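Just below is one structure, and these are the notes that go with it.
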Amino acid sequence: MIRIRRSRGFGLWVFLMFFACVHSWFSACSCSSHGGLDGKTKVLRKVLVSKGKSLDPHRQFDEPSAEIVVLLYDSLFTTHYLKRPIEFIPNLAAAMPVFSDSGKTMTIRLRDDVRFQDGDCFANGKGRPFVANDVVYSFTRFADPFVNSNSYSLIEGLVVGLDDVRKAMTVKGDGQYKYEDFPVDGLKAIDEHTIQVKLTRATMVPLQVMAKSVMSIVPRECIDKYGEDFQFHPLGTGAFKLKYTNRLGDAWLVKNQNYHLTYPTEGAPGDAEKGLLVDAGKKLPLVDEIYAPVIEESQPAVLKFLRGYFDWIGLDADAFQRMAQKTGEGQFLVKDEYKDQISIYAAMDSSSFWLAFNIQNPIIGKNVLLRRAIGMAVDRQGYIDNVINGRGIVLDTVVPMTIASNHKDIGFTWYARNVEQAKKLMAEAGYPDGRGLPEFKYVSPSGGAVQRAFEFHRRTLAQIGVRIVLDTMPYSSYLKKIDGGDFDITTSGWGADYPDPENFTSLLTTYARSQGQNYGAWSNKRYDQLSDLTKVTPPGDERNKMFREMAEIIKDDVPVVPLFGVIRVGVYPKNWVRNFKRDLESGRDALHIDIDVKRQKEGFSL
Amino acid sequence: MNKNKNMTSAEIVRGDTLWRRASRRLKASRLTMACFVIIAIYLVLAVLGYTKWIPDFQQQVGEKFMHPTLAKPALWLGTDVFGRSVLFKLFAGARTAITLGVLVTCISLPIGLCLGAVAGYFGGKIDGLVQWVYSVIVAVPYILLIIAITYILGKGMLAICIAMGIVGWVGLCRMTRAEFIKLREREFVLASRLLGASDGRLIFRHILPNVMHIAIVAASMEIMGAIKAEVILTYLGVGVQDGSSWGQMIADAPGELLNGIWWPTFGVSLTLFLIVFALNRVGDALRDALDPRLV
Amino acid sequence: MIQYVIRRFLQMIPILIGVTLLIFLLFTFFGEDPARVALGSHATPEKIAALRAKWGLEKPLVVQYLQFWREILTADFGRSFVSGERLSDMFKEGALVSLSVTLPPFVMGTVLNLCVAMLVAWYRGSFFDRFMSVIFTACMSVSYLVYILLLQYVLAYKFDLFEINGFIPGVKGLAFLFLPWLILMTVQFGPDVRLYRSILLEETKADYVRTARAKGLSEKKVMFKHVLKNAMIPVMTYTVVEVPFLVMGSFVLERYFSIPGIGDLLVSSVNTGDFPVIKGVTVMIAVAYSVFNLITDVLYAAVDPRVKLS
């Protein structure tokens, strides 16, 4: 029974005032605006999934950073936007290098029409022309241990004199920016637009690394001016300039009007038909601005995309399930309600994942039959279908399909999945139906899909009697644990540093253990031998034979079970985004994308 | 007493204690009794969770993400991504949640009460010391401490309980201390002291009962808080991992809700609602029943 | 009074010592290795050692602890191991942003919840009261995460009432904050009102209320003039000391709404072993907490004449 009072009193009055205010706020909010599009400027709006560690090319080695760094800076080389498989092309170099001295000397002619972007570190604010000395400076800085603790190992031991310089800079004890005091024997500017690099042996790796963002060219004036804060005031020769960034890692970029590259004139077969060569020869970049906010969670990113706020988002497992599907023939399509307005791309990533055993565990390590049984029981295609919505491809070696000498190239297959056979092996191993086998700890960093992934493996392995329990922890604890050998089974993975198979196969050598890889501490002399040989053998049949033998050793001894390579899927609006061919290697899609401004402002009619 | 059988019509007055009065009051409301029953059910589920009497939530009972149907009890709340029964997962989660809630409260409640009483009553240096301890603990953000302590104690139920217990007593301590400060100047305390009561007796027999209602409400909030904190800790990757946990089901919510799969989230929310409501109701009722001033 | 305040300020020092020792020992011995985290999968023992040396983590513990105190006294905690940003820059930018997300709903929510609590206490025992009690409990049992997901989806996306996500600094960006505010207030609603209600009801049982009623004062006067004032002490115990923690923002909320505050600082700094950030954040909060504690106690004395500041 509620007693109704006449005078409601102060409390209720506050109530009503509050709701009145809120209501007026509602109506004042123009909430379906499309985030500042004026209908004239071409703005590419893409979502970043997380904040990068640094915008200083030599300090960063993670993908979120590289995503922006490749737009702000240039390296000597890059990869062709359209051609597949990847093809290296010159960027700041005028042409591909000339090799001499049985492949140990690279002479690189540089472009003479490149300028650094304008900035207050230059005299009267105008960017100066790029010259050969900038290359020497940048590469020396790349070797500076106080700047670069991460990526130097990529060319460690490959450039004459560079390792010594790196050691010398350590001895000095301070962060140095006077690189003139540290001349490198193998790095010389022959003239204003030519440099010569001397390698310790004939190898393509330095060229490949020189195409990466970690070896971008930086202007010494800006580093002299800003020192350690250079990462917060990035300036390079790149296609875009950073206009604004914030704590979250949001980035607003504007076009560099004097960029030196043009849209490719040829592509892969079928590109012309898809309309990807319409802008052939045009000056890059094609858009005026890029707006790239960081949205770490799937829901807000997808919802905003569906409201027309973005021109490109990647899809994670949940977002994929909502917007797309994989057909029986292995095609990725958007769901019917979206298919008129939204396009989808699927690009294979140069990464690979495998189950790693801890060989130092006495039960697992000593019992090869047990490992083979597991290797035969793991359901790799099932994992792809059930845990990552089919966005993957089964790998039979640790080399991803995007790189030469993958399992198809070398004609190699892993065990076909055979539960009956696996059970027999279990019995032979001394554990019929898993009797007498203790539980194994499956260690994993915590995260969204981990439970699903673990659960899938748990069920599969339970079929042959192997029981696993999950142990999750923050990523850093995880690294410590597996590095310390405190695990039984884990899923390990690797993303290519450069597109060479040896980058993956060498991860399982004995030497790799000392470098913080090969967590299971597997060691096989013949495998190590072969791995060293592949480093000095040029690509071809002989090299493939070596990789094949290495794959056979792994199949025989099963230190790891190769699982899958990732297929990255994303969506973009069909009606106003053009020239989009997902380039995972260079990450410089944004240079080539064009936007139909009028249709962009119209948005979706979903 | 008077055994005169002629007094059958009159009430026989027995010595009434606080507890008997309280239980009478409690029994008066049907809703309150229903809430006791709900709590009992959860407790039973929790205990059963440690035995084999509870259905195995790992078993697949249907297709993935089936809608709730009335067909089988297992399907009353539908299935999850692996076709497991949401209902059974909730049962399994009860074990984690209730154990957590009870253990954390058993650790934090005594600490908070005693330290708060001692600090509030004696004041001076002891008060200063207790204040220092809880200031240090409160000053460090909760999440930081919990995660840091799990680094020391490792993962697992006991570690998390100890971590939450060590950090969670502060609220009750502060409240208790405030009450003690208020009450130590009250007339009944002064009177008892004049009559020669010792400090210990004053604290435990006289003032503390007046503070019990706060403790009980705090206990129910603590249990509830522990259960809800587990959700956030699981989201951050530090939660309990053996078996199913409600926190894990909620952590799965973002992906599921994005795809219109509402029933696991609904199931967990409903489960949480019932236990939270029951705890609140019982807490309030106990406080009212045990309040010595409502004669 | 002044003496009391000064004495309390001096008391901050032992608290700071306690906090700094606790943090320092915890994270030096048990925390993540920031070098390993920074290097990630490319870590090798040499790289880890080199990075640790660069960050001064190999110096003797006493030296490191004294260095910690030097940082406190100069209010300069250096740069984050993870992002290289100066801590002062991080706080300057981020703290204000986080505060703009958490403070308005805190203030509005407290006032609103107090009013609702009074309303419910007024009608105590009635159907309205019991019905609202169910509502409060229902609100409390829904997880924070679920609120964010549901409200973002339903109110922002489906019904287009709010911005889905994003942030613009300044007044222009106010619209982006409405939904986060609404969510924070919704989450606070249940627990707060329940707490205030129980405090208010607690007070109505006191003797002075009986006296006041016996004196013939109207129920309204009893509630507003007497009960409310006495209830302010426990209410203040809760609300005032929450304020320093508002600066830390809300981790989950900022993630879902892409708000560049410092909500992520806590969790990510612990997970990455980012000592400078951990140190800076805990010291800042410890100091703020002590200050607000002091304010609370002074207000106690102002409101309750029986309480003497000893």
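Read-outs: derived from the displayed coordinates by stated rules, not from any lab. All values reported here derive from a predicted model rather than from experimental measurement. Cβ sites come from the backbone with ideal geometry, for glycine too, and all protein chains shown count toward neighbours.
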Within the set A:Lys46/A:Lys326; A:Lys46/A:Lys304; A:Lys408/A:Lys555; A:Lys255/A:Lys282, which residue pairs have Cα atoms separated by over 18 Å? A:Lys46/A:Lys326
Cα gyration tensor, chain A - rounded (a/c under 1.5), prolate or oblate: oblate
Under 5 Å between amide H atoms, partner at least 5 residues away or on a different chain: which partners does B:Val61 have, H built in plane at 1.01 Å? B:Arg84, B:Ser85
Percentage relative contact order, chain A, counting C-alpha pairs under 8 Å, at least six apart: 18 percent
If each of A:Lys598 and A:Val450 carries a label point 7 Å out from its Cα toward its Cβ, how far apart are those two points in nm? 5.2 nm
Give me the count of lysine pairs in the range C:100-275 whose alpha carbons sit under 16 angstrom apart, restricted to pairs 8 or more positions apart or on different chains. 8
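Can you give me the span-like helices of chain B, meaning DSSP H runs with 20 Å or more of Cα extent along the axis and Kyte-Doolittle mean at or above -0.5? Display every interim value, and only then the final one.
Working: long enough: B:30-49 (28 Å, 2.35); B:86-122 (52 Å, 1.71); B:124-139 (21 Å, 1.04); B:157-184 (39 Å, 1.18); B:208-235 (39 Å, 1.25); B:263-290 (39 Å, 1.02).
The answer, listed by residue number, is B:30-49, B:86-122, B:124-139, B:157-184, B:208-235, B:263-290.
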So which residue, out of B:Ala119, B:Ala28, B:Ala97, gets the largest mean-square fluctuation from a GNM of chain B using Cα contacts under 10 Å as springs? B:Ala28
Describe numerically, in nm with one decimal, the distance between label points set 7 Å from Cα along Cα→Cβ at C:Leu73 and at A:Lys83. 6.5 nm
What percent do you get for the relative contact order of the range C:100-275 when only Cα pairs under 8 Å and 6+ apart count? 28 percent
Can you tell which of B:Gly156, B:Gly93, B:Gly78 shows the greatest fluctuation in a Gaussian network model of chain B with Cα springs below 10 Å? B:Gly156
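Would you calculate, for chain A, the mean residue ellipticity at 222 nm contributed by helices, counting each DSSP H stretch of 4 or more residues as -39,500 (n - 2.57) and dividing by all residues, to the nearest 500?
Result for chain A: -8500 deg cm²/dmol, rounded to the nearest 500.
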Least to most buried among B:Glu179, A:Glu180, by other C-beta atoms within 10 Å and fewest first, runs A:Glu180, B:Glu179
A:Arg526 versus A:Glu180, label points 7 Å from Cα toward the beta carbon: distance in nm? 5.8 nm
For the range C:176-283: relative contact order, % (alpha-carbon pairs under 8 angstrom, 6 or more apart): 17 percent
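When the helix-only estimate is applied to chain B (DSSP H runs of n ≥ 4, each -39,500 (n - 2.57), divided by the residue count), what is the mean residue ellipticity at 222 nm, nearest 500 deg cm²/dmol? Spell out each step's value before the answer.
Working: 11 runs with 200 residues, N = 295.
-23000 deg cm²/dmol, from helical runs alone.
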Can you give the local net charge around B:Gly62? Use residues other than it whose beta-carbon is closer than 12 angstrom to its beta-carbon, Lys and Arg +1, Asp and Glu -1. +1
Whole-Hz ³J(HN,Hα) from phi, Karplus 6.51 cos²θ - 1.76 cosθ + 1.60, for the range A:514-522, glycine and proline x: 6, 9, x, 10, 6, 4, x, 6, 6
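Size of the dipole of the protein assembly as shown about the Cα centre, Lys and Arg at +1 and Asp and Glu at -1 on the beta carbon, nothing else charged, in debye to 20?
On the way: 135 positive and 115 negative charges, 1124 e Å.
Magnitude of the dipole: close to 5400 debye.
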Dipole magnitude of chain A about its Cα centre, charges +1 at Lys/Arg Cβ and -1 at Asp/Glu Cβ only, in debye to the nearest 20? 1920 debye
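Would you compute, from DSSP H runs of 4+ residues alone, the mean residue ellipticity of chain C at 222 nm, taking -39500 (n - 2.57) per run and dividing by the full residue count, rounded to the nearest 500?
Per the formula, -24000 deg cm²/dmol.
Indicate the helices, whole DSSP H runs only, in chain C that combine a mean Kyte-Doolittle hydropathy of -1.0 or more with a Cα extent along their long axis of 24 angstrom or more. Don't skip to the answer; put the middle values down first.
Details: long enough: C:2-29 (41 Å, 1.81); C:87-122 (49 Å, 1.33); C:174-204 (41 Å, 0.93); C:228-246 (25 Å, 1.08); C:275-303 (41 Å, 1.64).
Length and hydropathy pass: C:2-29, C:87-122, C:174-204, C:228-246, C:275-303.
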Gap in Å between the Cα centre of the range C:16-38 and the Cα centre of the range C:235-297? 17 Å
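What longest range of chain A stays clear of loop-exposed trypsin sites (Lys or Arg not before Pro) (DSSP non-H/G/I/E/B, at most 10 other C-beta within 10 angstrom)? Please list the in-between numbers first.
Values: sites that count: A:Arg3, A:Arg6, A:Lys40, A:Lys178, A:Arg435.
The longest uninterrupted stretch comes out as A:179-434.
Suppose R0 equals 56 Å. What FRET efficiency, 1/(1 + (r/R0)^6) with r the Cβ-Cβ distance, do C:Ala53 and C:Phe127 give to the nearest 0.05?
On the way: r = 70 Å, r/R0 = 1.25.
My answer for the efficiency is 0.20.
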